[in-house]
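Note sheet for the following structure.
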């Protein structure tokens, strides 16, 4: 008998996961009342619920800094937060930190982040005819969190596309290392915010259950989605783009609630009508205006002049569980002695990434292999997270404080922009060395192209002080 290769085993596992997910969708039974009767999360997931809460906090901080959200207190924000919490409280006990904010944006949309943050665009409130319709949108997003769709999707994608432990696997088990091992990054277009039609069907079903328990007619959710579809002109609303229609939503919801005892539903409230009245007096930002605001928030290259990044002559040691290395005393270390670390001048780090400095992490190959193979896999993982990255040299041997290592020069785009708001070219150098236990320590030295040569002596001094443990 021929044994499956590791890649074939992974393919079989993914196929089985897809088959099981499909069966789960097809064999759903009508919903029943009561907390114990909620649909349960299922499917392969490399994240724990506690990981999801940490991820949600991290991503919410990034997203909230980029979006034009309404003030934390006000009639619209207070109303949406109260409504969202009432809906979330219908769920069985869970560790999630649900919070709700309103984004002053014209596109009709809403999204949920892992662990509980939910964001609703102002135009969604403007478009809803009733409180029940708005509750349906929020209940749908709450369901994505509760059913763990974003991290399930990320885990599935990591198996299908990255069949090795890529990054961070040696230097700790924190949230950052978990993301790095999957080769995934956050962002508004990330894998965490893209759902399949099966996931949409599951969120519709669980959202209907939440609505019923909270006293709303679940059919209002499907009616709102179908209203968006019917009013689609000239293009698909952003909500329908991010939340693909699983097909005949109204009929699926009706079937799901067919055995729930009848009750008197809440359709509208004076609070909703007042909030909608206020919302209709406001002019939310277009997607283009939001993008322009985000570009204006990007750090400019000329804000990080030579004087603000020049390293001190005095170097101090960084004692890590996996290595020891000297670095400029006026640069900062992000991370701890058991995690991946970033060393950079304070101005070298922006909301979008690191523009100056060094990133140090680790990689443990799944099979015994040479350093060249590991270096290539690390490079491919970095490219997966940053498709704009490309190698401008082949892998070259390098001596690192008496150790044999390998290096490859890379080019990509810096998170900084110039005075004309144009992307700044970036040069990186990836260096790898083998540790005594067979794992690989990798270092990425980073700077804008025009300033890399000036920082090269600093990077080389750091590298030649490296002691691997």
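The values are calculated or read from the model by the stated rules, or taken from the named source; none is laboratory data. Predicted, not measured: the structure shown is a model, and the values here were computed from it. Please note: Cβ atoms are built from the backbone with ideal geometry, for glycine as well, and neighbour counts cover all protein chains shown.
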Within the range 364-373, is there a residue that is in contact with a helix residue (DSSP H, G or I) (Cβ under 8 Å, 6 or more places away or on another chain) and closer than 20 Å to residue 427 by Cα?
no
Got at least one residue in the range 273-284 being touching a strand residue (DSSP E or B) at 6+ places or on another chain (Cβ under 7 Å), at pLDDT 75 or above and within 30 Å of residue 417 (Cα to Cα)?
yes
Close pairs from the range 260-276: first within 27 Å of residue 34 (Cα to Cα), partner surrounded by fewer than 13 Cβ atoms within 10 Å (Cβ to Cβ), Cβ under 9 Å, at least 6 apart:
260/30; 260/32
Of all residues in the range 440-466, count the ones that are under 22 Å from residue 365 (Cβ atoms) and either in contact with a helix residue (DSSP H, G or I) (Cβ under 9 Å, 6 or more places away or on another chain) or in a strand (DSSP E or B) (or both).
5
Strands (runs of 3 or more DSSP E) completely within the range 334-428 that count 2 or more residues being over 18 Å from residue 459 (Cβ atoms):
357-363, 403-417
Counting only residues that are out of contact with any strand residue (DSSP E or B) (no Cβ under 9 Å at 6 or more places or on another chain) and not in a helix (DSSP H, G or I), the range 64-80 contains a total of 2
Among the residues listed as 181, 205, the single one being modelled with pLDDT of 85 or more, assigned to a helix (DSSP H, G or I) and in the same structural domain as residue 67 (by TED's automatic domain parsing)
205
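Here is a yes/no grid of residues against (1) in contact with a helix residue (DSSP H, G or I) (Cβ under 8 Å, 6 or more places away or on another chain); (2) not in a loop (DSSP other than H, G, I, E, B):
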| residue | (1), (2) |
| --- | --- |
| 46 | yes, no |
| 50 | no, yes |
| 55 | yes, yes |
| 58 | yes, yes |
| 62 | no, yes |
| 82 | no, yes |
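Conditions (1) modelled with pLDDT under 90; (2) surrounded by 20 or more Cβ atoms within 10 Å (Cβ to Cβ); (3) touching a helix residue (DSSP H, G or I) at 6+ places or on another chain (Cβ under 9 Å), marked per residue:
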position: 398; (1), (2), (3): no, no, yes
position: 410; (1), (2), (3): no, yes, yes
position: 422; (1), (2), (3): yes, no, no
position: 427; (1), (2), (3): no, yes, yes
What is the one condition in (1) part of a helix (DSSP H, G or I); (2) modelled with pLDDT of 90 or more that residue 241 does not satisfy?
(2)
May I ask you to list pairs of residues, at least six apart or on different chains, whose Cβ atoms are under 8 Å apart, with the first in the range 285-298 being within 9 Å of residue 105 (Cβ to Cβ) and the second being assigned to a helix (DSSP H, G or I) and modelled with pLDDT under 85?
285/293; 287/238
